[in-house]
1. Quick check: net charge around Asp235, other residues with Cβ under 12 Å of its Cβ, Lys/Arg +1 and Asp/Glu -1?
2. When the Cα atoms of the chain are enclosed in a convex hull and the volume is divided per residue, what value in Å³ results?
3. Which are the unpartnered cysteines of the chain, meaning those with no other cysteine Cβ under 4.7 Å from their Cβ?
4. Given the alpha-carbon gyration tensor of the range 273-374, what are the semi-axes of its equivalent ellipsoid in whole angstrom, ordered largest first, with each equal to the square root of 5 times an eigenvalue?
5. With a sphere of radius 11 Å drawn around the Cβ of Gly461, what net charge do the other residues whose Cβ falls strictly inside it have (Lys, Arg +1; Asp, Glu -1)?
6. Which percent of Cα-Cα pairs in the range 175-299 sits in each 5 Å bin, short to long?
7. Exposure proxy check: Lys6, Lys213, Lys363 ranked by fewest other beta carbons within 10 Å?
8. Given 4 °C and 1.567 mPa s, compute D for the range 316-397 with the Stokes-Einstein relation, Rh being the Kirkwood radius over Cα pairs; round to the nearest whole µm²/s.
Amino acid sequence: MLDKRKFYINGEWVDPITPNDLTVLNPATEQAIAVISMGSAADIDRAVAAAKTAFATYGRMPIDERIALLEALLAIYTRRYDEMAQTITLELGAPITMSTDQQAHVGIGHLEGFIDALKRMKMRETLPNGDIVLREPIGVCGLITPWNWPINQIALKVVPALATGSTCILKPSEFTPLNALLYAEMIHEAGFPAGTFNLVNGDGVHVGAALSKHIDVDMMSFTGSTRAGTAVSKDAADTVKRVTLELGGKSPNIVFEDADLEERITGSVLECFNNSGQSCDAPTRLLVQRSVYDRAVEIARRVGATVKVGDPQEPGDHIGPLVSDIQYGRVQALIEAGIAEGAELLVGGPGKPEGFEAGYYVKPTIFVGVNNGMRIAREEVFGPVLAILPFDAEEDAISIANDTNYGLAAYVQSGDLDRAERVATRLRAGMVHINGAPHRYGSPFGGYKQSGNGREGGLFGLEDFLEVKTIHRPDAA
């Protein structure tokens, strides 16, 4: 079992002020794989002090020097790529093929996107009225990241903080801390100055709250549940720090009758089940035009029945377990709620798949006969669970799609691109995917309503970590 009880503070691996061990489990086997320390407010004080001291000089480092550091990090990450993929598979349960092709790859893609954006960003410009506008690093940043796409969210927060000249303290999820500790090793090897990046493990109630409330933290960037995001916002309010949030979703996926049903229903089911359904932007509400509903349901049944669960260490396109016993229980409760409220099981159902008594495995599940008032249509399940709902006309689809507290992503499938784009403009979501188009590195990621605020990735992601200063010159036109 790995001993990972040290924190990374001020360029050194240090012991926690008060020992508080937590065992990290492999979700595929429920066996212990590592022990970490759970930090305290005192550890956060130490990390924030280091970040504040480092900002005094790092915040004035020339952009070219920061770009060189980021490029060094990119080279190191590329060299240790397979190590990152294996680590994510071990602690998250993502199958190794998925970890290699998707989970680990984001650490390269986002870093390249930020480097490109930083090279293009104007840090100084003159307005038509003659005033000068400067973009300056915001300062000390608290970063809280989730377990479901761990290095994805770490890269989307740590990289723009360091790229803009800010300093940071990362609190990764205690369920998947090992990839974060590996990333800290890479940052150290790249040569970032001491104190610019710090890592303290812990839970949200103690370490996350201490970070959010800290008077010397200038900004909080949080990804996770809407409930926890609300707590971060409240904790940060007394010190009036900037807060950016990337929260939950219940993304609608509208399938019109002129879509290529075989291709788009197949793709929609597989996208929903990707990462065992543990994605905030998963297309979990499949809205199908009534004229092709029965055909679409039959395709979904066939495709859903072919989705297998399996050992994450084995290559292949199967799905793995959920991350924890807690998450398994939440998903099971919502599957049971769907049955109790009268939805019909098309594929899957409660309990574990046959042959998987150990591990937090869930049956890939599809419900039909769903209406938009049911819990499985309104709450974020965060497991491999798809709800299929019918609609009649375009306005009906838009109304159902927007009838949610969330607004992270939406999906539109249609053979008429003009209609698809017209519908996209009506959907209250931060991102709309048409006919399977992917999210691309460098584009803004984020949502409307209770899915959060702010945007991550590329130029927009850098801007969240910058302050704007106006200089009024006496000789301005």
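1. With Lys, Arg at +1 and Asp, Glu at -1, the neighbours total +2.
2. Details: hull volume 69.0 nm³, N = 477.
Cα-based convex hull of the chain, divided per residue, equals 145 Å³.
3. Lacking a cysteine Cβ partner under 4.7 Å: Cys272, Cys280.
4. Calculated on Cα positions only, the semi-axes equal 24, 17, 12 Å.
5. On the way: positive: Lys157, Arg455; negative: Glu246, Glu456, Glu463, Asp464.
Residues near Gly461 contribute -2 overall.
6. The percentages, shortest bin first, are 2, 9, 14, 13, 13, 12, 10, 8, 7, 7, 4, 1, 0.
7. Lys6, Lys213, Lys363
8. 96
The numbers here are math on the coordinates, done by the rules we state, and not lab data. Remember, it's a predicted structure, so these values are computed and weren't measured experimentally. Here Cβ is always computed from backbone atoms with ideal geometry, including for glycine, and neighbour counts include all displayed protein chains.
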